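Written below as structure tokens is the structure these notes are about.
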Amino acid sequence: QKSIGDIVTSQHAVLDFGCGTGVLAMFAARADARKVIAVDRSPFIKTAQEIAAKNNLDTIDFYHADHQSLQLDEDVDVIVSEWMGHCLFYEAMLEPLLALRDRYLAPGGVMIPAQVSLHAGLVCDEDILDDLSFLKSQPYDIDFSPIADVPFQQTDLVALEPDSILNSTAHLGSLDMHTISTVDTPRVFTGTIIPSRKAEIFALCGWFSTLLSPGVMFGTGPNDLPTHWDQILFPLPEPFAVDPSREL
């Protein structure tokens, strides 16, 4: 709300892409935007419209559309979108958002969020290993060996405590939402970590942070305040030892 309130003025047309409940569109309407457009491909758009009406926000135009079917008769000054999934890309909304930006964001327009970043950490919590190894322990006196390794072969959503990872983490890259294109959207992210101490590592975890607007930001990692986003756990087939003398 603060980010939208700091940026949106009565001169702005605002587009909320993937609006869900319409809350971001309603924040823009409360900021006195001259025009607010809320777009969602889900039939829930009708409920969002009802919520806006209940709050006497009748200046919002609701569109049941996606990035391909949406047709507007003018450009917008601000695009706001809560497009980020777990570990940033989980909901696959980035490329549709960029396509919409390229069609309808006016020159010099503003994207909220303005920047997003991807991060990774080293999981040293033995409880995580115990959870992954549950089927290997022959629970209920049943031999689960045909599937005992499956938990090590798939990712999982987790909400880790800060002490579950080493203090040192990796910044894997940032995307400037004004300039990133569908052509150069990264498919591979890399980064380095100098381990903060000697430890056995049982998994990696990934999360994102975002700069909504100047001075307004949040993160979704183990050391950040809780959000509705989780981290993604990447189990390792075998634990490995790390040491501050060896950069990863």
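The values are calculated or read from the model by the stated rules, or taken from the named source; none is laboratory data. Predicted, not measured: the structure shown is a model, and the values here were computed from it. Here the Cβ is made from the backbone with ideal geometry for all residues, glycine too, and neighbour counts use every protein chain on show. Side chains are part of the model used for accessible areas, which takes the heavy atoms of the whole protein and leaves out ligands, DNA and RNA. Shrake-Rupley method; radii C 1.70, N 1.55, O 1.52, S 1.80 Å.
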Which ³J(HN,Hα) values in Hz, rounded to whole numbers, follow from the phi angles of the range 6-16 under the Karplus curve 6.51 cos²θ - 1.76 cosθ + 1.60, where θ = phi - 60° and Gly and Pro get x? 6, 9, 6, 10, 5, 8, 9, 9, 10, 10, 9
Using a 1.4 angstrom probe on heavy atoms only, work out the carbon and sulfur share of the accessible area of the range 7-108 in %. 48
May I ask you to rank 63, 140 by accessible area, largest first, using a 1.4 Å probe over the protein chains only? 140, 63
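Pop the C-beta distance of residue 144 and residue 99 into the FRET formula with R0 = 51 Å and round what comes out to the nearest 0.05.
Values: r = 45 Å, r/R0 = 0.89.
E between residue 144 and residue 99, to the nearest 0.05, is 0.65.
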Working out 0.36 nm times the residue gap between residue 131 and residue 71, then minus their Cα-Cα distance, what length gain in nm do you get to one decimal? 16.7 nm
For the range 1-56, just list the percent of Cα-Cα distances falling in each 5 Å bin from zero outward, please. 5, 23, 30, 24, 14, 4, 0
What part of the accessible area of the range 141-205, given as a whole %, is carbon or sulfur when the probe is 1.4 angstrom? 52
Take the Cα atoms of the range 15-84, find their three principal axes, and give me the spread along each one in whole Å, biggest first. 30, 26, 25
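Suppose R0 equals 30 Å; then what is the FRET efficiency for residue 190 and residue 55 from their Cβ-Cβ distance, rounded to the nearest 0.05?
On the way: r = 45 Å, r/R0 = 1.51.
For residue 190 and residue 55, the calculated efficiency is 0.10.
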Quote the accessible area belonging to residue 117 in square angstrom, nearest 10, computed with a 1.4 Å probe and with ligands, DNA and RNA left uncounted. 10
Highest-first arrangement of 34-42, 154-162, where packing means the average Cβ count within 10 Å: 34-42, 154-162
Considering only the range 1-89, what is the antiparallel percent among its DSSP beta bridges, to the nearest 5? 5
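Indicate, rounded to the nearest 5 percent, the antiparallel portion of the DSSP beta bridges found entirely in the chain.
Details: 32 of 49 bridges.
Given both bridge residues lie in the chain, the antiparallel proportion sits at roughly 65 percent.
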Normalised Cα Rg of the range 112-183, dividing by 2.2 N^0.38 Å with N its residue count, works out at 1.63
Cα-based Rg then Dmax for the range 35-181, in Å, read 22.0, 67
Using a 1.4 angstrom probe on the protein heavy atoms only, line up 245, 69 by accessible area, largest first. 245, 69
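Under a 1.4 Å probe, what is the accessible area of the range 126-248 per residue, stated in Å²? Please list the in-between numbers first.
Values: 7440 Å² over 123 residues.
So the range 126-248 comes to 60 Å² accessible per residue, rounded to a whole number.
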Pair-distance profile P(r), taking every C-alpha pair of the range 202-248, with 10 angstrom steps and integer %: 21, 36, 29, 13, 1
State, in angstrom, two size descriptors of the range 146-204 derived from its alpha carbons: Rg to one decimal place and Dmax to the nearest whole number. 16.1, 49
Kindly provide log₁₀ I(q)/I(0) values, in the same order as q = 0.10, 0.14 Å⁻¹, from the Debye equation applied to equal alpha-carbon scatterers of the chain. -0.60, -0.94
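Summarise the long-distance tail of P(r) for the range 103-231 by giving the % of C-alpha pairs beyond 23 Å. Present the calculation step by step, with values, prior to reporting the outcome.
Details: 3954 of 8256 pairs.
In whole percent, the long-distance tail amounts to 48.
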